[in-house]
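Step one of this worksheet: look at the structure below.
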Amino acid sequence: MWSRVATCRSSSKPHQMTKRASPTIEASDLAEYLASQDDFALELFVYSRLMRAGFDASHGGTYQDRVTQRYRQYDIRAGCRRGDRAVQLAVECKALRPSFPLLVSRVPRTSAEAAHEIVVSRFSEQLRPGIGIDWVPAATTRVASDRGLYPFESLVGRSLTQVGRNRDGDLSASDAESFEKWSQALSSASDLVQQACMAAERSAGKEFATFVLPVLVVSDGTLWVADYASAGELVGAPRQEDHVTFSISRRYDGPNRFAYEITHLHFLTRSGASAFFD
């Protein structure tokens, strides 16, 4: 009996797991990806819209991060000059999915947030090739809400995350995907601030004013807002928007007590970017 059982066991074949073959990617699948999730296609669209709006733009360049000393790549940089004034944009692009959109929670803007700063560069006879300096020929000026872009008590983002559902159908949230891109926009903006300090030297003018603005462009239908009153209650239901400002208060320090604060980050959809650039 035992020999019969042993024989049966030894003759049985071990169970083997059957691997399921991955589906073949077809041209239609690639076309769907390019139309809905391709960052590069979104970059090209934004770049073309900036050029059409009259900006001098560059796409896919590199720069050295002044904090880490590492070389980084930016998506788009764009500038628009009028006389002795200019706007410089540090633009990053992220093709988000409607199933995992970006939700920005907003509250009324405080008086401290209702401002932005401008780099004012001044020509200096002391700046010549080969002469070492430990200061920058620039200062900043702060523009208050009565003349600025960010009015007091208008709604501004204070918190952001991406919301979706996991395989079990439960709600999940994370800001990792969008955080990486808007952080790159701030890093690129820091480099533009340093360049703005020397704008008067390059333009051969007495004084030159530059406004530096970081921007993140996302796919249409993926930018949502939830608005709260100052006391904390939710006002209405979440809804989609094409342009949202986010309070960031990022300070960049330079030599000789130079400091520039970027007070806001702008989130735009693909459709909202066209109107904003115009």
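The values are calculated or read from the model by the stated rules, or taken from the named source; none is laboratory data. Quick caveat, the model's predicted, so the values are computed rather than measured. In this analysis, Cβ positions are derived from the backbone assuming ideal geometry, glycine residues included, and neighbour counts consider all displayed protein chains. In case anyone asks, the SASA skips ligands and DNA or RNA and just uses the protein heavy atoms, side chains included. Shrake-Rupley method; radii C 1.70, N 1.55, O 1.52, S 1.80 Å.
Return the distance in nm (one decimal) between the two label points of a simple spin-label model at GLU177 and ARG158, each offset 7 Å from Cα along Cα→Cβ.
A separation of 2.7 nm, rounded to one decimal place.
Keeping all protein chains in place, calculate the accessible area per residue for the chain (probe 1.4 angstrom), answer in Å².
The answer is 59 Å² per residue.
With a 1.4 Å probe and every protein chain kept in, tell me what percent of the accessible surface of the range 73-124 is carbon plus sulfur.
51 percent
Probe radius 1.4 Å, ligands and nucleic acids left out: which of PHE277, PHE100 has the largest accessible area, and how do the rest follow?
PHE100, PHE277
Does the range 45-95 come out rounded, prolate or oblate, given a ≥ b ≥ c as the square roots of the eigenvalues of its C-alpha gyration tensor, rounded meaning a/c under 1.5 and, failing that, prolate meaning a/b above b/c?
Verdict is oblate for the range 45-95.
Pick from ASP146, ASP56, ASP227 the residue whose mean-square fluctuation is largest in a GNM of the chain, springs joining Cα atoms under 10 Å.
ASP146
Between GLY148, GLY254, GLY232, where does the largest GNM mean-square fluctuation fall for the chain, given springs only between Cα atoms within less than 10 Å?
Largest GNM mean-square fluctuation: GLY232.
I'd like to know which of VAL235, SER174, LEU192 lies farthest towards the positive end of the charge dipole of the range 136-278, counting +1 on Cβ of Lys and Arg and -1 on Cβ of Asp and Glu.
LEU192
Just how far, in whole angstrom, is the range 197-245 from the range 52-82 if you go by their alpha carbon centroids?
17 Å
Would you mind telling me which residue in LEU44, LEU213, LEU149 has the biggest mean-square fluctuation in a Gaussian network model of the chain, where springs connect alpha carbons within a distance under 10 angstrom?
With Cα springs under 10 Å in the chain, the top fluctuation among LEU44, LEU213, LEU149 is at LEU149.
What is the percent of Cα-Cα separations in the chain that go past 32 Å?
Result: 37 percent of Cα pairs exceed 32 Å.
Stokes-Einstein D for the range 86-244 at 4 °C, 1.567 mPa s, Kirkwood Rh over Cα pairs, in µm²/s?
The diffusion coefficient I find is 71 µm²/s.
What distance in nm separates the two pseudo spin-label positions at HIS243 and LYS206, each 7 Å out from Cα along the beta-carbon direction?
So the two model labels end up 3.4 nm from each other.
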